[in-house]
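See below for the structure under consideration.
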Amino acid sequence: MTTEVRPESPFTSTLPGRYYYDPSVYTLELERIFTTMWVCVGRAEALASPGAYQVVTVGQESIIVVRGRDAILRAFLNVCRHRGTRLVAAATRHLMGSIQCPYHAWTYGLDGRLIGAPNILNDEHFDRTAFGLLQVELEVWEGLIWVNLADEPVASTPQLTKPILERFGDYAVFARYGVGELKLGKTIAYEVRANWKLLIENFMECYHCGPLHPEFCDLLPGFKAGGIYVEGDAATLADGVEAFSMSGKASRPPLPDLLPTELRSYYGIVVAPNVLLNLLDDHVVIHTLHPEAPDRTRVVCDWLFHPTALAAPNFDPSDSVAIFDLVNRQDWAVCEQTQLGMDSKAYRAGGVYVAAERHIRVFCDFILEKLG
């Protein structure tokens, strides 16, 4: 049973409650969304030197992302080809030129080749080339690392650029932010006790902004009425506000390639399945969502700045970080409260999106299409 909404109604149905807590639905999402689509796992600049690596979980797989001796980023399933042992346990560290299994010391190069296997490597019946690490497709887009676990991955460009083109109509507008050239100024990771879809739905609307984010709305008053996402326009800083910061004061110049008409604006864009882009005229904030359970999501939030601003002796991102950190914590708290209602019989058939939220239904239909 689903909530019945007439076609001419300004309201539309949400997903039923079980889509936010049912383990079987979550398993399907891992299989049919996070195992078939390009998924963001971090920033390329975090793995700058040969041997730098990170271990990430995508779908139901553990993946090693590592910078090779040739400076190329590669991704491999974190599984030894001998007996299936998990190769690397630490989330991040630096490898000294190779990856060695802790069980029987099979050793792999940073390019995935098997280069050591005690007592058998020289056996004429053993083909070392058949036992390299299984590689995962990897691409870098705008400084972000994306991986795809599909056996035959589709091209990444349509997936990653579609929401940009839908928002701006022209990729050149987004390109002027130079996201791929920006550098990390601050990272905060949040553990949120809520389903990953609730976080995306929360990001997609600002019907909640007036009551929940007064500080945010003081800086961007267009969000107070809650309809700006429906209209598709940029939000504009309030009169007298110089920058999106806790104080409202500017401490760095705008990003150099933006046009005068693009200053003092904010855009929020979802790049499915797990990236939230926040474009401001002097910095960019990126949320990367990592589902960990039906009711738990890890969110990594990166504040990115122009290299020139970052290199200034008086660089201090704290004013800009403080406002979005506050907004994040307000959002995560209310998403956790919402999660608590998902398994109630009151929400068994779901709820409704009002006029200022009804565009979220496109995201719901995307989920249903992927799950088949």
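What ranking of His94, His290, His283 comes out by heavy-atom accessible area, probe 1.4 Å, highest first?
Details: His94 85, His290 35, His283 0 Å².
Ranked list, largest accessible area first: His94, His290, His283.
Remark: spin-label model distance Ser247-Leu259 equals 3.2 nm, labels positioned 7 Å along the Cα→Cβ axis. Simple point charges give the picture: +1 on the Cβ of Lys and Arg, -1 on the Cβ of Asp and Glu, and for the chain a dipole about the Cα centre of about 860 debye.
What FRET efficiency do you get for Glu215 and Asp170 if R0 is 35 Å and r is their Cβ-Cβ distance, rounded to the nearest 0.05? Working shown, then result.
Working: r = 33 Å, r/R0 = 0.93.
It comes out at approximately 0.60.
Annotation for region 78-92 versus region 287-354: alpha-carbon center distance of 31 Å.
For region 34-115, with all protein chains present and a 1.4 Å probe, just round the carbon and sulfur fraction of the accessible area to a whole percent.
Working: 1830 of 3610 Å².
Carbon and sulfur together cover 51 percent of it.
Region 247-339: which chymotrypsin sites (Phe, Trp or Tyr not before Pro) are DSSP loop and have at most 13 other beta-carbon atoms within 10 angstrom? When the chymotrypsin sites (Phe, Trp or Tyr not before Pro) of region 247-339 are filtered for loop state and at most 13 Cβ neighbours within 10 Å, Phe315 remain.
Rounded to whole numbers, the Karplus 3J(HN,Hα) couplings from phi for region 348-356 are 4, 8, x, x, 10, 9, 7, 3, 6 Hz, using 6.51 cos²θ - 1.76 cosθ + 1.60 with θ = phi - 60°, and x at Gly and Pro. Within the same chain, lysines fewer than 8 places from Lys197 are excluded, and of the rest, those with a Cα less than 29 Å from its Cα are Lys162, Lys183, Lys186, Lys224, Lys345, Lys370.
Inter-label distance, Lys183 to Ala225: 4.2 nm, where each label sits 7 Å from its Cα along the C-beta direction. Each Lys and Arg Cβ is given +1 and each Asp and Glu Cβ -1; about its Cα centre, region 188-289 then shows a dipole of about 260 debye.
Potential lengthening of the chain between Ser98 and Asp365 amounts to 91.7 nm, from the contour at 0.36 nm per residue minus the alpha-carbon distance. Heavy atoms of the protein chains alone define the surface here; on that basis the chain has 47 Å² accessible area per residue at 1.4 Å probe size. Between the residues Ala75, His104, Leu199, the greatest Cα displacement towards the positive end of the dipole of the chain, with unit charges on the Cβ of Lys, Arg, Asp and Glu, is found for His104. Taking the Cβ-Cβ separation of His208 and Thr236 as r and a Förster radius of 22 Å, what is the calculated FRET efficiency to the nearest 0.05? Computed FRET efficiency for His208 and Thr236: 0.65.
Based on the Cβ-Cβ distance of Thr161 and Arg32, what FRET efficiency does E = 1/(1 + (r/R0)^6) give at R0 = 30 Å, to the nearest 0.05?
Values: r = 22 Å, r/R0 = 0.73.
With R0 = 30 Å, the Cβ-Cβ based efficiency is 0.85.
Solvent-accessible area assigned to carbon and sulfur over region 235-372 amounts to 55 percent, based on a 1.4 Å probe.
The charge dipole of region 1-102, taken about its Cα centre with unit charges on the Cβ atoms of Lys, Arg (+1), Asp and Glu (-1) only, comes to about 600 debye. Here's how it looks for Gln100: its modeled amide H is under 5 Å from those of Tyr108, which are all 5 or more places away or on a different chain. Counting 0.36 nm for each residue step from Asn122 to Arg298 and taking away their Cα separation leaves a gain of 58.9 nm. Taking amide hydrogens as placed 1.01 Å from N in the peptide plane, the amide H of Gly350 sits under 5 Å from those of Gly17, each at least 5 positions away in sequence or on another chain.
The values are calculated or read from the model by the stated rules, or taken from the named source; none is laboratory data. Please read all numbers here as calculations on a predicted model, not as lab measurements. Cβ coordinates were reconstructed from backbone atoms using ideal geometry, including for glycine residues, and neighbour counts include every protein chain displayed. The protein model used for the area step is the full one, side chains on, heavy atoms only, and it has no ligands, DNA or RNA in it. Shrake-Rupley method; radii C 1.70, N 1.55, O 1.52, S 1.80 Å.
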